[in-house]
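I have placed the structure first, in the form of structure tokens, so that the comments after it can refer back to it.
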Amino acid sequence: VKIAAQFASEITVYNGDRWANGKSILGLASLAAARGSEIRIEIEGPDETEARTAIDKLSEAKFYED
């Protein structure tokens, strides 16, 4: 959420058939995406390239959960 909130683009996170706003901590919590879950992230907007880069780096760092 902290990373997503830095960007103007809309960020949507999917876990199966459930989705949430990537800028909403409550929305993301409602996805119940446990560690190891496969999620999909869609980004649309004026700074989507920069947002994708930042979120990809976060994912590569395993969301700093290790």
Enumerate the calculated ³J(HN,Hα) couplings along region 13-22 in order (Karplus 6.51 cos²θ - 1.76 cosθ + 1.60, θ = phi - 60°), each rounded to whole Hz, writing x wherever the residue is Gly or Pro. 10, 10, 10, x, 8, 9, 9, 8, 5, x
Contour minus end-to-end for V1 and A34, with contour as 0.36 nm per residue of separation and end-to-end as the Cα-Cα distance? 10.3 nm
Would you mind telling me which residue in A29, A20, A51 has the biggest mean-square fluctuation in a Gaussian network model of the chain, where springs connect alpha carbons within a distance under 10 angstrom? A29
Positive minus negative residues near G45 (Lys, Arg vs Asp, Glu; Cβ under 15 Å): -4
Longest exposed-site-free window of the chain, the sites being trypsin sites (Lys or Arg not before Pro) in a DSSP loop that have at most 16 other C-beta atoms within 10 Å: 3-34
Each label sits 7 Å from Cα toward the beta-carbon; between F63 and D17 the label points are separated, in nm, by 2.2
For the chain, which whole-number percentage of the solvent-accessible area (1.4 Å probe, protein heavy atoms only) is attributable to carbon and sulfur atoms? 51
Mind checking the chain for GluC sites (Glu not before Pro) that DSSP puts in a loop (not H, G, I, E or B) and that have at most 15 other Cβ atoms within 10 Å? E38, E65
Computed [θ] at 222 nm, helices only, for the chain once each DSSP H run of length n ≥ 4 contributes -39500 (n - 2.57): -8500 deg cm²/dmol
Once the whole set of protein chains is in place, how much accessible area is left on T53, using a 1.4 Å probe, in Å² to the nearest 10? 70
What does the accessible area per residue of the chain come to in Å², with a 1.4 Å probe and no ligands, DNA or RNA counted? 73
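The values are calculated or read from the model by the stated rules, or taken from the named source; none is laboratory data. Just so it is clear, the structure is predicted and the values come from calculations on it, not from any experiment. Virtual Cβ from ideal backbone geometry, glycine too; neighbours counted across all protein chains shown. SASA here: full protein model, heavy atoms, side chains in, ligands and nucleic acids out. Shrake-Rupley method; radii C 1.70, N 1.55, O 1.52, S 1.80 Å.
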